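Novice: If you scroll down you'll find the structure; I have some questions about it.
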Amino acid sequence: MSRIGVAFDKARADGRAVLVGCMPAGFPTVKGSIAAMTAMVEAGVDVIEVEIPYSDPVMDGPVIQKASDIALAGGVRTADTLRIIEAVAATGAPVVTMTYWNPIERYGVDVFARDLAAAGGTGLITPDLIPDEAAEWLAASDAHGLDRTFLVSPSSTDARVAMTVENCRGFVYATAVMGVTGARARTSDAAPTLVSRVRAVTDLPVGVGLGVGTGAQASTVAGYADGVIVGSALVRCVLDAPSEAEGLAALRTLSAELAEGVRNPAR
Amino acid sequence: MSADALAPVAGSQPDSAGHFGRFGGRFVPEALVAALDELDGAWRTAIADESFQAEFGALLRDYAGTPSLLYEARRFSAKIGARVLLKREDLNHTGAHKVRNVLGQALLTKRMGKTRVIAETGAGQHGVATATAAALFDLECVVYMGEVDTERQALNVARMRMLGATVVPVTTGSRTLKDAMNEAMRDWVANVDETHYLIGTAAGPHPFPAMVRDFVRGIGDEARQQCLDLTGALPDAVTACVGGGSNALGIFHAFVPDEDVRLYGFEAGGDGVTTSRHAASITGGSAGVLHGARTYVLQDADGQTLESHSISAGLDYPGVGPEHAWLHDTGRASYLPVTDAEAMAAFELLCRTEGIIPAIESAHALAGTVTLAPKLAAELGREPTIVVNLSGRGDKDVHTAGDYFGILDKEH
Ligand SMILES: Cc1ncc(COP(=O)(O)O)c(C=O)c1O
């Protein structure tokens, strides 16, 4: 079983959901992002999702795009992301990588899979790669023992949910809303239905992302999903902070609140 | 237009999943797949439906003013040593080939029961065309435009607003066309139920490249027949500028089976393809994924998109439609860069010899033709006949060109 699978299993046994926290690699700097992700682990985030910063992130809202722009302007390269993944994996928390497809294609799909596995990464979440176009990645992830998380959406047909889930390994990412990343005032009504549609065709754990930003929302989502995925709200802690120390403090506070939320699922 | 004008050419690309050889496809968030499937279905049904064809044909004729003329540019021809026939897309309503695509997609939007269209625009031409169709079809219209471009093209922003569209300046990334396209994609992911994303060129995820090509392919169908009527033969070459590539595909498509007709796409070479300031995605780029398709892209060693540069806002885009990538790989069409300076020289030449002010985009096709003419003449041993797609008129570019030639009154 994959390391992500183990984390989900353990949480399931404890009657709670897994908390996945997302940060762009190299934001605000390479060192700063390692510190941020380490702080998140220490404050109770179970799985770290490291996003490779990309120039054209069409699934991301303004907060994550701004953070990615800062990372890229700072000169962060794919090789730096791999080093960051290695450092964060060393904390013991499973690390999953979120990436748009072009940087991987450019690096070389099989070579990237090899280097990601060597760095201790568990697999990829691919927001703009659907299984229909993923033949090369399916082969490379098999060859290097990596997980594959494709997204399902409220607009996906039953046939596409089944096909997508069939190609996933590790966990499935259910997008709670039609839209892009960014914390929202309300959690989605569409998400519970989507999760049950996924559950109807697989035993794989289901993570729900897009729009979650508070402990109360995390608790709500933990009530019906196996994983709660939080990005923009965490990124904003660092983005809006007047100093790096204050950013890390805010990040710890929110991480702890979210961790508390997933441990007390609303049922 | 003939009844089968939209019917697919037998054996033509793409495959059912939108692949042109190794290019094309769909690299999009899963949330968009249902909408792309819906669009694909609506388009396939429409092109097989005579009532749709009749409606589209009537709009092109009665509203857009097509077939556009094929005009023999005798004075220009004499200067460059080739018989040059200009396909006058500049005479269409709204001033460019783009109106064909926009009318086709607006009709589809109605058919799908959607009430809102969004679009991206660089120079503002596609935005103006979309706002025009939205007004005609009573659709809500939002146009995304890079903040830099809203400043460069203030007049077109005013036109769009006059037509009832909302123009949203995009402040992310390089604040140009590429970022406007990202923003439009994000809007579409969030509002896909009632919204159609009216992409302005033969790029993006399947079915856009094939669908847009089929909406503009009347350019080539008309030009091919007009050339036969006028000269009694097919041309030796067909040329067009390539940004995303819709005007070029539009005129190429009818000639693809005519193996003796050479096809030339001229890309924006900016300061030169050996510099970092150009927009020649095929000549100076490499295979990658951008805006929903695999194609040629200007990118760095890490796959980050590079900023493009061209004096022509309509060609200033770091990608290209996937069918061009495929035509390039198969060798059926040739793609060559034209610098800003070459384009502006050809711009001036057409103004002075024919009394036609071309779009700076189209001036790239003219400049490429100027260079091509003597080579083709030497090879063929006679004066070649060349059909040039004059994709648009230069009204929108008067300020840029006036600045370039130093003939603007600095007080204004
Ligand atoms: C007159 C004209 N020609 C050409 C283009 C480039 O588009 P495409 O390459 O899709 O034909 C534009 C785009 O703005 C245009 O306005």
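Novice: Does chain A classify as rounded, prolate or oblate by the C-alpha gyration tensor (a ≥ b ≥ c root eigenvalues; a/c under 1.5 gives rounded; else a/b over b/c gives prolate, otherwise oblate)?
Specialist: Working: a/c = 1.42, a/b = 1.05, b/c = 1.35.
It is rounded, given that a/c, with a ≥ b ≥ c, falls under 1.5.
Novice: Separation of the range A:190-240 and the range B:205-230 by C-alpha centroid, Å?
Specialist: Rounded to whole Å, the Cα centres lie 47 Å apart.
Novice: Now a separate question. Which one, A:S2, A:A93, A:T122, is farthest towards the positive end of the dipole of the range A:1-141 when Lys and Arg carry +1 and Asp and Glu -1 on their Cβ?
Specialist: Ranked along the dipole, the leading option is A:A93.
Novice: Another question about this same structure. Nearest 5 is fine: what % of DSSP beta bridges in chain A come out antiparallel, could you say? Before the final figure, lay out the partial values.
Specialist: Numbers: 1 of 28 bridges.
Around 5 percent of the beta bridges assigned by DSSP in chain A are antiparallel ones.
Novice: Counting only complete DSSP H runs, which helices of chain B cover 24 Å or more along their long axis at the Cα atoms and score a mean Kyte-Doolittle of 0.5 or above?
Specialist: B:360-380
Novice: Right, something else. Around B:I357, which amide H atoms from residues at least 5 apart in sequence, or from another chain, sit under 5 Å from its own amide H, with H modelled in the peptide plane?
Specialist: The answer is B:G394.
Novice: Report, by chain and number, residues whose modeled amide H sits under 5 Å from the one on A:F171, excluding near sequence neighbours (fewer than 5 apart, same chain).
Specialist: Under 5 Å from the amide H of A:F171 lie the amide H atoms of A:R148, each far enough along the sequence or on another chain.
Novice: To the nearest 20 debye, what charge dipole does the protein assembly as shown have about its Cα centre, counting +1 at the Cβ of each Lys and Arg and -1 at the Cβ of each Asp and Glu?
Specialist: Working: 56 positive and 82 negative charges, 60 e Å.
I would put it at about 280 debye.
Novice: Please give the length that would be gained between B:F405 and B:T231 if that part of the chain were fully extended, namely 0.36 nm times their separation in residues minus their C-alpha to C-alpha distance (nm, one decimal).
Specialist: Values: separation 174, 0.36 × 174 = 62.64 nm, distance 3.63 nm.
Gain in length upon complete extension: 59.0 nm.
Novice: Using 0.36 nm per residue, how much length does the chain from B:S276 to B:E383 gain when fully extended, once their Cα-Cα distance is taken away?
Specialist: On the way: separation 107, 0.36 × 107 = 38.52 nm, distance 3.64 nm.
Computed gain between B:S276 and B:E383 is 34.9 nm.
Novice: Starting from the amide H of B:A202, placed 1.01 Å from N in the peptide plane, find each other amide H under 5 Å away whose residue is 5 or more places distant or on another chain.
Specialist: B:G245, B:S246
Novice: I've got another one for you. Suppose every Lys and Arg Cβ carries +1 and every Asp and Glu Cβ carries -1, with no other charges. What dipole size does the range B:71-198 come out with about its Cα centre, to the nearest 20 debye? Before the final figure, lay out each step's value.
Specialist: Numbers: 18 positive and 14 negative charges, 163 e Å.
Taking the Cα centre of the range B:71-198 as origin, the dipole is about 780 debye.
Novice: Let me ask something additional. Among DSSP bridges having both ends in the protein assembly as shown, what percentage is antiparallel? Round to the nearest 5. Please list the in-between numbers first.
Specialist: Details: 16 of 79 bridges.
The antiparallel proportion sits near 20 percent.
Novice: Still on this model: What FRET efficiency, computed as 1/(1 + (r/R0)^6) with R0 = 60 Å and r the Cβ-Cβ distance, is obtained for A:E166 and B:R75, rounded to the nearest 0.05? Write out the running numbers ahead of the final one.
Specialist: Working: r = 65 Å, r/R0 = 1.09.
Here the calculated transfer efficiency is 0.40.
Novice: Listing B:I356, A:I130 from the residue with the fewest other Cβ atoms within 10 Å to the one with the most, what is the order? Intermediate values should be presented prior to the final figure.
Specialist: Values: B:I356 20, A:I130 24.
Listed from fewest to most nearby Cβ atoms, that is B:I356, A:I130.
Novice: Over what distance in Å are the Cα centres of the range B:50-67 and the range B:267-318 separated?
Specialist: So the two Cα centres are separated by 35 Å.
Novice: Can you tell me, using C-alpha contacts under 8 Å and at least 6 residues apart, the relative contact order of chain B as a whole percent? Intermediate values should be presented prior to the final figure.
Specialist: Numbers: 870 pairs, mean separation 78.4, N = 412.
Over chain B, the number comes to 19 percent.
Novice: Give the percent of DSSP beta bridges with both residues in the range B:119-209 that are antiparallel, rounded to the nearest 5. Mind dumping the intermediate values first?
Specialist: Numbers: 0 of 8 bridges.
Once the DSSP bridges in the range B:119-209 are tallied, antiparallel ones form about 0 percent.
Novice: In addition: Could you line up B:M344, B:M211, A:M163, B:M162 from fewest to most neighbouring Cβ atoms inside 10 Å? Could you put the intermediate results ahead of the total?
Specialist: Working: B:M344 20, B:M211 26, A:M163 17, B:M162 11.
Neighbour counts put them in this order, fewest first: B:M162, A:M163, B:M344, B:M211.
Novice: Which FRET efficiency value, to the nearest 0.05, is calculated for A:A256 and A:V201 with the Förster distance at 45 angstrom and r the Cβ-Cβ distance? Walk me through the numbers on the way to the answer.
Specialist: Details: r = 35 Å, r/R0 = 0.78.
The value I calculate is 0.80.
Novice: By count of other Cβ within 10 Å, fewest leading, how are B:F266, A:F112 ordered? Before the final figure, lay out the partial values.
Specialist: Working: B:F266 32, A:F112 25.
Going from sparsest to densest Cβ surroundings: A:F112, B:F266.
Novice: Treating the beta-carbon of each Lys and Arg as +1 and of each Asp and Glu as -1, no other charges, what is the dipole magnitude of the range A:132-267 about its Cα centre, to the nearest 20 debye? Show your work: numbers first, answer last.
Specialist: Details: 11 positive and 15 negative charges, 93 e Å.
With Lys and Arg at +1 and Asp and Glu at -1, about 440 debye.
Novice: Figure the gain on full extension for A:T193 and A:A245 (residue separation times 0.36 nm, minus the Cα-Cα span) and round it to one decimal in nm. Can you show the working numbers first?
Specialist: Values: separation 52, 0.36 × 52 = 18.72 nm, distance 4.04 nm.
Length difference between fully extended and current span is 14.7 nm.
A short reminder: the numbers here are calculations on the coordinates, not readings from a lab. Every value quoted in this text rests on a predicted model; they were computed, and no experiment measured them. Positions of Cβ are backbone-derived with ideal geometry, glycine not excepted, and every protein chain shown enters the neighbour counts.
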